[in-house]
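Notes for the one structure printed next.
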Amino acid sequence: MVVLVAEDHDFQRRTLVRMLKTLGAKEVLEAKDGLEALTILKQSGPVDLLICDLDMEQMDGMELIRNIGQADSVGADSVEPGSVGAVIVLSGHERSLLDTVAKMARAYGVKLLGAIDKPLTLDRLRNVLDVHGQQVAAAEPWHQFSVGEILDGLRLGQFDAFFQPKVSLSTGQVAGAEALARWHHPEFGLVGPIAFVPPLEQAGEIEELTFAMLGQAAAACRQWAELKSGISVSVNISPTSLDDPGLAERIAAVTSAAGLDPRQMILEFTETAAIGNTGVTLENLVRLRMRGFGLSIDDYGTGFASLQQLQLAPFSELKIDRSFVTGWADNPSSRAIVETSVQMARQLGFRSVGEGVETEADWNMLKDAGCDMAQGYFIARPMAQAQFLTFLMQETGLT
């Protein structure tokens, strides 16, 4: 990794630089405030990770994050889009303030790995990097892919579904898996969805990726069914696709071609994009539920009109966003949100899923709250289909 440290306290900055080198950082750049950090980014090019203090002279951490997040819209004098792979925020302020800053960073489109209380220790830094190690090690390439490049990759069969298990908190057994798109790029290696999903959605070309994932997920789940595993597969659907009057029939055709019972597939709609209430949208959702598909509201708590969305359509599952679940055992406000969400899901007859379970404490607290399922790195990272099948057989004793 190439890391940029923005910290106005000289001793703390030097200490952090030593910690990063101890942890194996390839190169560590230093800035005494946000203004100098932006200058370094313009002159030295992109970095894998930015670690910044919240309180700094000249330009503080919040303004620095805003400049990074709005890099493509603030003018020619700004840094280039994609100049920072991910951010860690440091501060001595109370935890609730750090949580709000974390939400602010995500609202600016900045990939935030964590907000760490001061004083920083080597163990705290190592834990954040370990949890997100795969994300940092496989940082998105700095190349800005065009829609044409992405579609060419799809048509050349370079996209695969990776699967992350969803586990029952009451039994500890694998209950399902979420299909997550990965691009095997011939030059940049394994590329994650942040590099290709937004461009496809903005260009109105997301459906080719959606149906590629639906086909792979349905075929994989049919294979799992042959092992009598009884587990389901979840696939992300862009809410923009709901404007297509034929969507429900087209999705049903995919599962039919694979020989998969629609009841074994859950369609996840991210709550960070508003689901409209047009007749076509509601008709599609009703048709999908009538055919037996599960409907899940993803990233619950981070998007638009949460309660209204739940009332809008016949959902069957609620996925509580990782920003509330990860480390929630030490956060009273997150704990209240998670517990309330689980109770509400139960009262509405939904399954509840906690995303971002990264520690045993996260797992135990979710279980005590009565949540149905858990998903996250504490259980397993997303893995290729063959690896997931091996994982499933080991976990269940299937042969």
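All of the numbers you see were taken from the coordinates with simple rules; none came from a lab. Everything numeric here is computed off the predicted structure, so don't read it as measured data. Every residue, glycine among them, receives a Cβ derived from its backbone with ideal geometry; neighbour counts consider all protein chains shown.
For the range 1-54, the set of trypsin sites (Lys or Arg not before Pro) satisfying both a DSSP loop assignment and a count of at most 12 other C-beta atoms within 10 Å is given as 26.
Per residue, the convex hull spanned by the Cα atoms of the range 316-378 amounts to 59 cubic angstrom. Rg of the Cα atoms in the range 147-396, relative to 2.2 N^0.38 Å, amounts to 0.97. Treating r as the C-beta distance of residue 367 and residue 107 and R0 as 30 Å, the FRET efficiency rounds to 0.45.
Note: relative contact order over the chain, using C-alpha pairs below 8 Å and six or more positions apart, is 11 percent. Of the residues 40, 194, 206, the one that moves most in a GNM of the chain with alpha-carbon contacts below 10 Å is 194. Which pairs, out of 32/103; 111/319; 111/228; 21/166; 118/166, put more than 31 Å between their alpha-carbon atoms? Long pairs (Cα-Cα over 31 Å): 111/228; 21/166; 118/166.
Relative to the longest principal axis of the Cα atoms of the chain, the long axis of helix 360-369 makes an angle of roughly 50 degrees.
Put a plus charge on the Cβ of each Lys and Arg, a minus charge on the Cβ of each Asp and Glu, and nothing anywhere else: the dipole of the chain about its Cα centre is then about 1100 debye.
Helical runs (DSSP H, four residues minimum) scored at -39500 (n - 2.57) apiece and divided by the length of the chain put the mean residue ellipticity at 222 nm at -13000 deg cm²/dmol. The string of couplings for the range 258-265 from the Karplus curve (6.51, -1.76, 1.60, θ = phi - 60°) is 8, x, 9, 5, x, 5, 8, 10 Hz, one whole number per residue in order, with x for Gly and Pro. Note: the range 173-270, Cα convex hull, 118 Å³ per residue. Taking θ as phi - 60° and the Karplus parameters 6.51, -1.76 and 1.60, the scalar couplings of the range 28-40 work out to 10, 9, 10, 9, 8, 6, x, 5, 5, 4, 4, 4, 4 Hz in sequence order, x denoting glycine and proline. Counted by neighbouring Cβ atoms within 10 Å, the residues 377, 108, 300 run from fewest to most as 108, 377, 300.
Counted by Cβ distance under 12 Å from residue 207, the other residues give a net charge of -4, where Lys and Arg count +1 and Asp and Glu count -1. Relative to the longest principal axis of the Cα atoms of the chain, the long axis of helix 332-348 makes an angle of roughly 10 degrees.
Remark on residue 232: its backbone amide H falls under 5 Å from those of 176, 177, a criterion applied only to residues 5 or more positions apart or on other chains, H modelled at 1.01 Å from N.
Amide H to amide H distances under 5 Å link residue 244 with no residue, where only residues 5 or more positions off or on other chains count and H is placed in the peptide plane.
Where does helix 385-396 land angle-wise versus the long Cα axis of the chain, in degrees 0 to 90, nearest 10? The angle comes out at about 80 degrees.
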